[in-house]
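To start, the structure under review is shown below, and the notes come after it.
The values are calculated or read from the model by the stated rules, or taken from the named source; none is laboratory data. The shown structure was predicted, so the numbers you read here are calculated from the model rather than taken from an experiment. All Cβ positions, even for glycine, are placed from backbone atoms using ideal geometry, and neighbour counts span all protein chains on display. Note: accessible area is taken over every heavy atom of the protein model, side chains too, but ligands, DNA and RNA are not part of it. Shrake-Rupley method; radii C 1.70, N 1.55, O 1.52, S 1.80 Å.
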Amino acid sequence: MIKADVGSVSGHMTVHPKQLEVARQFMEDARQKGTISDYHVTHAGDDIELIMTHAMGENHSAIHELAWKCFKQITAEVSRPLKLYAAGQDMLSEAFSGNIKGMGPGVAELEFAERQSDPVLIFMADKTEPGAWNLPLFKIFADPFNTAGLIIDLGLHDGFIFTVLDVVDNVSVELKCPAEMYDLLALIGTPSKYVIERVLRSDGLPAAAASTTRLSLIAGRYVGKDDPVCIVRAQHGLPAAGEVLEAFAFPHLVAGWMRGSHHGPLMPVSVDDSQNKVSRFDGPPRVVGLGFQVSDGKLIGPTDLFADPAFDRTRQTANLVADYMRLHGPFMPHRLGPEEMEYTTLPQVLEKLKTRFKKT
Ligand code: F6R
Ligand code: MG
Ligand code: MG
């Protein structure tokens, strides 16, 4: 999964169909040349999502360069000529330098040997940051009140290993669940700093991978939220697809929304146009999910995971919480705390007032 926001229509709302057309053509050429086995192009709000399968392993420069060139071409052929908003926004570097990580676009890669049958679920968020996956990933792989299989399926009894990345100091740690559950929660309850990057089953089977890019930490200034993606394998000794989705039935509060500076509920929506245009107060933050079977490297599907009316109530709750949070206006905890505001305009405001503070 490689994704980027390279410009959108009517502000930061949604992609232009021509952008997706160019992306699909680019991916189709790469498939015919044999660089990738298969692809699916979609969007979450204003983010273009390239879902790709290939046999070159994680962090391969040919795949990263392919995605980079694709986003460049979309920017040059569509975003700039149509003067789409924030054209080329996430392309933080001029030239490609071997690995797309740290250059702006978000990346989540999961290398695995295909099982007899391999359901793979892809989650794509808009108007939020990578720490938004912490709560659902914990519930999916460590919370028996969410995932019945942790109790009922002996294949899951030995638990899962979480790799947690400290995105501020760039170090990571592996923690085993359930044995180290409290240590894990002590870290991931601070989603602005500690981010779940990967989950393995206790025997090493790759179960999930998430993008961890924090644009503001790369650029040192505010350049839009990271709008992360996540890949989760399901079933047969892993949480069932329905257990994975159950974790999203609670629209938990995440950081992002307007100007990347507000807490709001993460609302699961269908990929369908009516739900995938991010409008109210540039949000609220949302997640789109697609389900596939990976079959000899081909992507069979997708299913639109949150199109189920069973998520209607989650959306209603999200909208209720959105109303409640909005009533705080510029006050915390709706507005993010000062350490997060460092990456937006707060330092400039403080600078402006600097000389007016008097000693008391
Ligand atoms: C959130 C986001 C938007 C913008 C907002 C202001 O990730 O990108 O909420 O921050 O629309 O954008 P500018 O400053 O470009 O007018
Ligand atoms: Mg945008
Ligand atoms: Mg976005």
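Worth a mention:
- Test: residue in segment 130-153 that is within 22 Å of the chain's Cα centre (by Cα), surrounded by fewer than 20 Cβ atoms within 10 Å (Cβ to Cβ) and within 16 Å of ligand 1 (Cβ to nearest atom): no
- Within segment 1-44, the set of residues being more than 16 Å from ligand 1 (Cβ to nearest atom), open to solvent by less than 10 Å² (accessible area, probe 1.4 Å) and not β-branched (Val, Ile, Thr) comprises 19, 23, 27, 30.
- Tally of residues being in a loop (DSSP other than H, G, I, E, B) and either of a type outside the set (A, V, I, L, M) or closer than 16 Å to residue 302 by Cβ (or both) across segment 16-46: 6
- Residue match in segment 206-213 (condition: buried (at least 17 other Cβ atoms within 10 Å of the Cβ) and within 16 Å of ligand 1 (Cβ to nearest atom)): yes
- Count of segment 112-149 residues which are of a type outside the set (A, V, I, L, M, F, W, C) and within 16 Å of ligand 3 (Cβ to nearest atom): 6
- Residue within segment 310-319 that is touching a Gly at 6+ places or on another chain (Cβ under 7 Å) and part of a helix (DSSP H, G or I) present: no
- All told, residue 86 falls short of being open to solvent by less than 70 Å² (accessible area, probe 1.4 Å), within 16 Å of ligand 3 (Cβ to nearest atom) and farther than 26 Å from residue 259 by Cα.
- Residues of segment 232-275 that turn out to be at positive phi, among the small types (Gly, Ala, Ser) and more than 17 Å from the chain's Cα centre (by Cα), as a count: 1
- When the test is whether a residue is over 19 Å from the mean Cα position of the chain (by Cα), within 16 Å of ligand 2 (Cβ to nearest atom) and either closer than 29 Å to residue 277 by Cβ or surrounded by fewer than 16 Cβ atoms within 10 Å (Cβ to Cβ) (or both), residue 48 does not pass it.
- The sole residue among 90, 47 that is of a type in the set (Asp, Glu) and in contact with a Lys or Arg (Cβ under 8 Å, 6 or more places away or on another chain) is 47.
- Residues that are in a strand (DSSP E or B), over 13 Å from residue 208 (Cα atoms) and not aliphatic (A, V, I, L, M), drawn from segment 119-155: 126, 128
- Residues located in segment 170-190, provided they are open to solvent by 90 Å² or more (accessible area, probe 1.4 Å), closer than 25 Å to residue 214 by Cα and not in a strand (DSSP E or B): 170
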